[in-house]
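As structure tokens, the structure follows; a few thoughts come after it.
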Amino acid sequence: MKITDFLHALYGMFAPVTLMSFVLISAILGIMFLSKYKFQLGQVSFLVAFSLLGSVAGLITGVSQESIVGALLTGLLGLMTTLLTYMLGKESLIEWRTVIPMALILLMLSALGGLSIGAAYKKERSSYERKYSQWLLRYENVDLELCKAERLSVMNGGQLPIGYVPTIRH
């Protein structure tokens, strides 16, 4: 992997997903703060984790062209749903009942945003691949043929016209 590939992924995927997660987390925390909710230890990090989980899962689904991702995401979301159902039903975790719906909202909104970002990145990547294929076809069928014709002309003792810019440098 070249550094340019890494920078393109950083610019095209990581930065938008991080920004989207930050905005969603800030909005949910702002809503909860305005409702005078008193956070317990670990609840903010719980919300952050669910937001990041949703955005990464959505991003992977949006970018991927493989069918295995659907099964992986189904299992992951099933596991998260089981955990949240357990936490919601457990009497000793009653102070978490307000946070769990917010975590689900964050998970779903982040997954939707990540899916959008991933789909846009996949569309951009497909466009680049299509343009490269067109360039390669032109290079192989036009440019290389011109180079061959020039080389044969020079090798056979022929002269190129005056003012002609050769594609081959001697």
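Of note:
- Once segment 131-170 is narrowed to residues that are among the basic types (Lys, Arg) and assigned to a helix (DSSP H, G or I), the residue that is modelled with the lowest pLDDT is ARG151.
- VAL69 falls short of the stated requirement of being surrounded by 17 or more Cβ atoms within 10 Å (Cβ to Cβ) and either of a type in the set (A, V, I, L, M) or over 20 Å from SER126 (Cα atoms) (or both).
- Test: residue in segment 18-39 that is under 25 Å from ARG125 (Cβ atoms), outside any loop (DSSP other than H, G, I, E, B) and not hydrophobic (A, V, I, L, M, F, W, C): yes
- Only listed residue being more than 17 Å from MET13 (Cα to Cα) and exposed (fewer than 15 other Cβ atoms within 10 Å of the Cβ), chosen from GLU124, GLU95: GLU95
- Within segment 60-114, the residues that satisfy the criterion of being polar (S, T, N, Q) and outside any helix (DSSP H, G or I) are SER64, GLN65, SER67, THR98.
- Flag if LEU84 is of a type outside the set (S, T, N, Q), touching a residue at least 24 places away in the same chain (Cβ under 8 Å) and under 22 Å from SER26 (Cα atoms): no
- Scope segment 96-143; condition farther than 29 Å from GLY58 by Cα and either of a type in the set (Phe, Trp, Tyr) or touching a helix residue (DSSP H, G or I) at 6+ places or on another chain (Cβ under 9 Å) (or both); matching residues: TRP135, TYR139
The values are calculated or read from the model by the stated rules, or taken from the named source; none is laboratory data. Because the structure is a prediction, the values reported are computed rather than measured. We place every Cβ from the backbone using ideal geometry, glycine too, and count neighbours over all the protein chains shown.
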